[in-house]
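Working notes, beginning with the structure itself.
The values are calculated or read from the model by the stated rules, or taken from the named source; none is laboratory data. Values in this document were obtained by computation on a predicted structure and should not be read as measured data. Glycine gets a Cβ as well: all are built from the backbone with ideal geometry, and neighbour counts include every protein chain shown. Keep in mind that these areas ignore ligands, DNA and RNA; they rest on the heavy atoms of the full protein, side chains included. Shrake-Rupley method; radii C 1.70, N 1.55, O 1.52, S 1.80 Å.
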Amino acid sequence: RKLTGLAQKKLKGNFNLNGMHRAGDVIIGGLFEMNFFSTQSDLFFTSEPQQPTCHGFDVIGFRLTQTMAFAIDEINRNPNLLPNVTLGYSVYDNCNTLGIGFRAALSLTSGQEEQVIIHESCEGTPPVLGIVGDSSSTRSIAISAVLGLYRVPTVSYFSTCSCLSDRKKFPSFFRTIPSDAFQVRAIIQILKHFGWTWAGLLISDNDYGLHAARSFQSDMSPADGGCLAYTEILPWGDDPAELRRIVDVMKKSTARVVIVFAHESHMIDLMKEVVRQNVTGLQWIASEAWTSAAVLQTPHLMPYLGGTLGIAIRRGEIPGLRDFLLQIQPDLNHNQSIGKSFWEYTFKCRFAPPPSGWVEAGGAICTGQEDLETVQTEFLDILNLRPEYNVYKAVYALAYALHELLQCEPGRGPFSGNSCGDLQRLEPWQLVYYLQKVNFTTSFGDEVSFDENGDVLPIYDVMNWQWLPDGGIKVQNVGEVKKSALKGEELTLHEDKIFWNIKSEKPPHSVCSESCPPGTRRARKKEEPECCFDCILCSEGKISNKTDSTECISCPEDFWSSPQRDHCAQKKIDFLSYHEPLGICLTATSLLGTFICAVILCIFICHRKTPIVRANNSELSFQLLVSLKLCFLCSLLFIGRPRLWTCQLRHAAFGISFVLCVSCILVKTMVVLAVFKASKPGGGASLKWFGAVQQRGTVLVLTSVQAAICTAWLVSASPVPHKNTQYHNDKIVYECVVGSTIGFAVLLGYIGLLALLSFLLAFLARNLPDNFNEAKLITFSMLIFCAVWVAFVPAYISSPGKYADAVEVFAILASSFGLLLALFGPKCYIILVKPERNTKKAIMGRGTTHP
C-alpha cells in the first residue's frame with residue numbers, strides 16, 4: 001500500500017547465506033568459494049527457498065575473502081584514496097554451487113532487510129557498490145547476464161571464459177584475470193617456440209573447457225602453432241570406462257604434447273588412469289586452473305607430470321597481508337560463522353557444544369584463544385599469491401572508479417547536461433562508466449586498466465614442474481607472457497631453467513610430419529589434419545627457399561631452378577661461341593678457306609700471264625676469288641654473341657657475297673657460250689656484248705639487286721638479337737631473329753635463281769670443245785652449290801638455337817669450298833704440278849683431238 005512519501009515492501013523469504021559483513025558508507029559485495037560442497041540443489045526460485053548446507057571448508061577460498069577484507073581496510077587507511085568515505089563489505093559463500101552463488105548475488109544487489117523503505121525520490125545508496133566475483137566462469141555468466149540488465153558492475157578475479165568478453169551480453173562485467181582467449185594464444189606461442197606442431201587437447205565439460213576448445217580451433221593453425229591431434233572432453237566424476245578410452249587415444253596418438261584445459265578435480269581422475277596404464281613420455285601443458293594444484297605435485301605423480309609447463313596467474317606481493325591474517329579471531333557469538341569453520345579446520349578442534357562422541361574420540365575443544373603462528377597452514381603461505389593478487393586488484397579497481405566519480409566537478413561531468421554522479425543518488429551504470437576508464441599501478445608495479453570488453457591488460461607467468469635430485473618438488477617460474485599496447489603479445493622463456501622429464505633433458509619432439517626442407521612444398525595427406533603432409537620436390541623452374549613452404553614459386557624469366565630447387569640460378573647463356581669445339585672448328589674452317597683463297601689468288605697473280613689463267617677471263621677469276629674469300633669471312637659473323645650490328649650484317653654480307661660469287665660464275669658461263677658462238681661463221685658480233693666493260697657491268701647490276709633487297713629488308717624489318725627461352729628451360733638461347741621471313745626468303749631465292757641459271761647455262765655448255773671445257777667445271781660446282789643449299793633449308797628449319805647458325809655456317813663453308821675446289825682445283829693442279837700443260841699449244845692441242 002502507498003504511504004505518504006514512502007513505499008514499503010516486505011521480503012517473501014530469506015536465503016540465510018553464510019557470509020561476512022562489515023559496515024561502511026559504501027558496501028562492496030563479494031562472492032567466494034569458502035566451502036567445496038553443498039547439499040543445495042540448483043533450483044533458484046521456489047516458493048519457500050531451501051536453506052543450503054555447505055561443507056568441506058576451502059581454506060584458499062577463505063584466504064581470498066580475507067584478502068578482500070585486507071584491501072578494503074588498506075583503502076580506508078589511505079588518506080589519498082576515497083577520503084571521508086568508509087568502505088564496507090558484504091561477502092557470501094557460494095559453496096561452489098551455481099544456485100547458491102546466484103542467490104548470493106541477488107541478495108547482495110537487493111539486500112536482505114525484512115522491510116525495505118524507499119523514498120519517492122528514489123534517493124539512497126544501493127545495497128552494494130559492485131561485486132567482486134565470481135570465481136567460476138559458469139556462475140559469472142549466469143550472474144552477469146542478470147546483473148548486466150541493471151548495469152551493476154561485477155569484477156571477477158578468476159572467471160576466464162572468453163565468452164564473458166561479449167559486451168552486448170555482459171555490459172557491466174570486468175575481470176582482473178586475463179581471458180582464456182589470451183591464455184590460448186599464450187599456449188600457442190609456447191607451442192611455436194618449441195616447434196610443437198602436433199598436440200592433443202583435453203577439456204572439461206563446462207564453459208571453461210568448451211570455449212577454450214573453440215578458441216584453439218579458431219586460433220591454432222599450421223602457421224601459428226600447429227594442429228590438434230585429438231580433442232577429448234573429460235567426464236565429471238569417476239567414469240573409468242570413458243577415462244580408459246581417453247587414455248587409449250593418448251597412447252595411440254603420435255602427439256607427445258598434451259594440453260589440459262580443465263580443473264584439478266578432472267586431473268585427479270585422469271591421472272589415476274594414466275598411472276594405471278603407465279603412460280609416460282608425455283609433455284603436459286597446464287591451464288591456469290591446475291598449474292598450481294598442490295594435490296597433483298606428489299612423488300607418486302611426478303614420473304608422469306614432471307616437466308609440465310603451465311600458465312599461471314600473475315604472482316603478486318601484498319605487503320602487510322600476513323600480519324592481517326594473523327589477527328583473525330573466530331566470532332564466538334554466531335554458531336555458524338565462517339570464522340569458526342576456519343578455526344576448527346586449522347586447529348582440528350570443535351567449538352562447544354561439540355558433536356556427539358567428539359570428546360570421547362579424543363577430539364579437542366576450541367577456545368578461540370589458539371595462536372595461528374603455532375600451526376603450519378597454507379593459509380599463511382603468502383609467497384605465491386596469485387588469485388589473491390587478482391582479488392586485491394579488483395577491490396582497488398572499484399575503489400579508484402568510485403574515487404574518480406566523487407572527484408567530478410559539477411557542471412563538467414560526463415553525463416547528460418554535464419552532470420556528475422552523486423553518492424546519495426548513485427546509479428550503477430555511472431560507476432561502470434568510471435570503471436571502464438580505471439588506470440592505476442599496484443605497489444608491485446603492475447598496471448591495471450580495462451579494454452573495451454572489460455578485460456584487464458593480460459599477463460601470465462609460465463611455470464615448470466621440477467623434480468629435484470633430492471626427491472623434492474618445485475614449481476619454478478621460467479618466464480612470462482604478456483600483452484602491452486606498444487609491443488603486443490610477448491613470450492619470454494628462460495630455457496636454461498626448464499626441467500624436462502625425458503632422458504635427453506631436451507625439449508621433446510612432437511610433430512605429425514617432419515618439416516619440409518627448402519626445395520620442397522607441403523602436400524596435405526588425404527583425410528588428415530593440415531600438419532600431416534608429404535614433402536614434394538618443386539617442379540622444374542620453381543623453387544621454395546624456406547622451410548615448410550606450402551607452394552613453390554616460379555623463377556623469373558632469366559633464371560631457372562637449381563638442382564636442389566632451393567634457389568633460382570641465372571640461366572646459362574647459349575650461343576655459337578668461339579670458345580666451344582663446334583665454334584672453334586667452324587672458325588678454323590672459315591679461316592682455312594680464306595687462306596686457301598688468298599693462296600690461290602697469289603698463285604694466279606704470280607702466273608697471270610700463263611695461258612691457263614688468261615684462257616677464261618682472268619679478271620672474272622680474280623673477282624670470283626675475292627668473292628669466295630668474302631663468303632668464307634662472312635661466316636664468322638654467325639659465330640659469337642649476337643649483337644644488333646652482327647645480326648643486321650650477317651645475312652646482308654652473306655647474301656651480297658654469294659650473289660657476287662654466283663654473278664661472276666654466271667657471267668663466266670655466258671662468256672664461254674659467247675666465245676663458242678663467236679667461233680662459228682657469222683657469230684663474231686656476239687662478242688661485242690660481252691666485252692670487259694659489259695662483264696663488269698653485269699656483275700655490278702646483279703649484285704646491286706641483292707644489295708637493294710638487303711637494304712629494303714633492313715629498313716622494313718631488321719634482324720635483331722633475341723633471348724629465346726623456348727628451346728631449353730634452363731638455358732637462354734641468344735639468336736638473331738630474321739625480322740622479316742619474306743625478306744630472308746627473297747634473299748635466298750635471288751641467290752638460288754642466279755645459281756639455277758648458272759647451272760642451266762653451264763649444263764648446256766658441257767659438251768663444247770675441250771678448249772672451252774671450263775663449262776664442265778662450272779656445271780659440277782653449281783651442282784654442288786645447289787645440292788648444299790637445297791639440303792640447307794630443311795636442316796635450318798629443324799635446328800634449334802645455335803645449331804641453326806651452325807647449319808647456315810656449314811652451308812656457307814661447304815658451298816664455298818665446293819666452288820673453290822671445283823673451279824680452281826684443276827687449274828692449280830696444272831699450274832703447280834703439270835706446268836708442261838700450262839702452254840697455249842697444249843691447251844689448243846687438246847682442242848684438236850676431238851672432232
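Filter region 599-635 down to the residues that are open to solvent by less than 30 Å² (accessible area, probe 1.4 Å) and aromatic (Phe, Trp, Tyr), then identify the one that is nearest to residue 648 (Cα to Cα).
Checked region 599-635; the qualifying residue nearest to residue 648 (Cα to Cα) is 632.
Considering 449, 443, which residue is in a strand (DSSP E or B) and more than 31 Å from the chain's Cα centre (by Cα)? Quick ask: steps written out before the conclusion?
Numbers: 443 fails: in a strand (DSSP E or B).
Every option except 449 fails the conditions.
If you go through region 690-733, how many residues are under 60 Å from the mean Cα position of the chain (by Cα) and not in a helix (DSSP H, G or I)?
17
The conditions are (1) assigned to a helix (DSSP H, G or I); (2) hydroxyl-bearing (Ser, Thr, Tyr); (3) open to solvent by 20 Å² or more (accessible area, probe 1.4 Å), and residue 215 fails exactly one of them. Which is it?
Result: residue 215 fails condition (3) only.
Would you point out the residue of region 800-849, among those that are outside any helix (DSSP H, G or I) and at pLDDT 80 or above, that is surrounded by the fewest Cβ atoms within 10 Å (Cβ to Cβ)?
Filtering region 800-849 down to residues outside any helix (DSSP H, G or I) leaves 800-801, 833-834, 838-839, 849.
Adding the requirement that they be at pLDDT 80 or above leaves 833-834.
Numbers: 833: 9, 834: 12.
Checking each candidate, the answer is 833.
When you scan region 188-199, do you find a residue that is in contact with a helix residue (DSSP H, G or I) (Cβ under 7 Å, 6 or more places away or on another chain), more than 16 Å from residue 512 (Cβ to Cβ), of a type in the set (S, T, N, Q) and modelled with pLDDT under 95, even just one?
no
Restricting attention to region 633-647, does a residue exist that is of a type in the set (Val, Ile, Thr), in the same structural domain as residue 785 (by the TED database) and without any contact (Cβ under 8 Å) to a residue 60 or more places away in the chain?
no
Within region 402-415, identify whether any single residue is out of contact with any Asp or Glu (no Cβ under 6 Å at 6 or more places or on another chain) and either among the hydroxyl-bearing types (Ser, Thr, Tyr) or not assigned by the TED database to the domain that holds residue 386 (or both), and answer yes or no.
Going through region 402-415, the residues out of contact with any Asp or Glu (no Cβ under 6 Å at 6 or more places or on another chain) turn out to be 402-415.
Of the ones still in play, those that are also either among the hydroxyl-bearing types (Ser, Thr, Tyr) or not assigned by the TED database to the domain that holds residue 386 (or both) are none.
No, region 402-415 has no match at all.
Counting just the residues of region 380-423 that are of a type in the set (Ser, Thr, Tyr) and open to solvent by less than 80 Å² (accessible area, probe 1.4 Å), which one comes out farthest from residue 132 (Cα to Cα)?
Here the residue is 419.
Would you be able to tell me the number of residues in region 176-212 that are open to solvent by less than 10 Å² (accessible area, probe 1.4 Å) and among the acidic types (Asp, Glu)?
So the count comes out to 1.
Report yes if some residue within region 362-370 is outside any loop (DSSP other than H, G, I, E, B) and surrounded by fewer than 20 Cβ atoms within 10 Å (Cβ to Cβ); otherwise report no. Outline the logic, then answer.
The initial filter retains those residues of region 362-370 that are outside any loop (DSSP other than H, G, I, E, B), namely 364-365.
The next check asks that each one be surrounded by fewer than 20 Cβ atoms within 10 Å (Cβ to Cβ); those that pass are 364-365.
Scanning region 362-370, I find at least one residue that is outside any loop (DSSP other than H, G, I, E, B) and surrounded by fewer than 20 Cβ atoms within 10 Å (Cβ to Cβ), so the answer is yes.
Just the residues that are closer than 30 Å to residue 555 by Cβ and either open to solvent by less than 60 Å² (accessible area, probe 1.4 Å) or not polar (S, T, N, Q) (or both), please, taken from region 713-730.
Once the filter is applied, which keeps residues that are closer than 30 Å to residue 555 by Cβ and either open to solvent by less than 60 Å² (accessible area, probe 1.4 Å) or not polar (S, T, N, Q) (or both), region 713-730 yields 719, 720, 721, 722, 723, 724, 725, 727, 728, 730.
Among what's in region 535-573 and is acidic (Asp, Glu) and over 19 Å from residue 524 (Cα atoms), pick the residue that is nearest to the chain's Cα centre (by Cα).
Result: 566.
Give just the number: which of (1) assigned to a helix (DSSP H, G or I); (2) among the basic types (Lys, Arg); (3) surrounded by fewer than 22 Cβ atoms within 10 Å (Cβ to Cβ) does residue 169 not satisfy?
(1) is the only condition that residue 169 fails.
Return the pairs, sorted by first residue and then second, in which the second residue is open to solvent by less than 30 Å² (accessible area, probe 1.4 Å) and assigned to a helix (DSSP H, G or I), the first residue lies in region 692-703 and is more than 11 Å from residue 660 (Cα to Cα), the beta carbons are less than 7 Å apart, and the residues are 6+ apart or on different chains.
Once the first residue is more than 11 Å from residue 660 (Cα to Cα) and sits in region 692-703, its partners that are open to solvent by less than 30 Å² (accessible area, probe 1.4 Å) and assigned to a helix (DSSP H, G or I) give 695/620; 695/667; 695/671.
Residue-by-condition table, conditions (1) part of a helix (DSSP H, G or I); (2) in the same structural domain as residue 67 (by the TED database); (3) farther than 22 Å from residue 248 by Cβ:
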site	(1), (2), (3)
271	yes, no, no
275	yes, no, no
288	no, no, yes
295	yes, no, yes
310	no, no, yes
323	yes, no, yes
328	no, no, yes
333	no, no, yes
345	yes, no, yes
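Would you say residue 377 is of a type in the set (Val, Ile, Thr) and open to solvent by 20 Å² or more (accessible area, probe 1.4 Å)?
Yes; evaluated as a whole, the condition is true for this residue.
Yes/no per residue for (1) under 30 Å from residue 384 (Cβ atoms); (2) of a type outside the set (Ser, Thr, Tyr):
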| position | (1), (2) |
| --- | --- |
| 228 | no, yes |
| 237 | yes, yes |
| 260 | yes, yes |
| 266 | yes, yes |
| 277 | no, yes |
| 280 | yes, no |
| 290 | yes, yes |
| 296 | yes, yes |
| 313 | yes, yes |
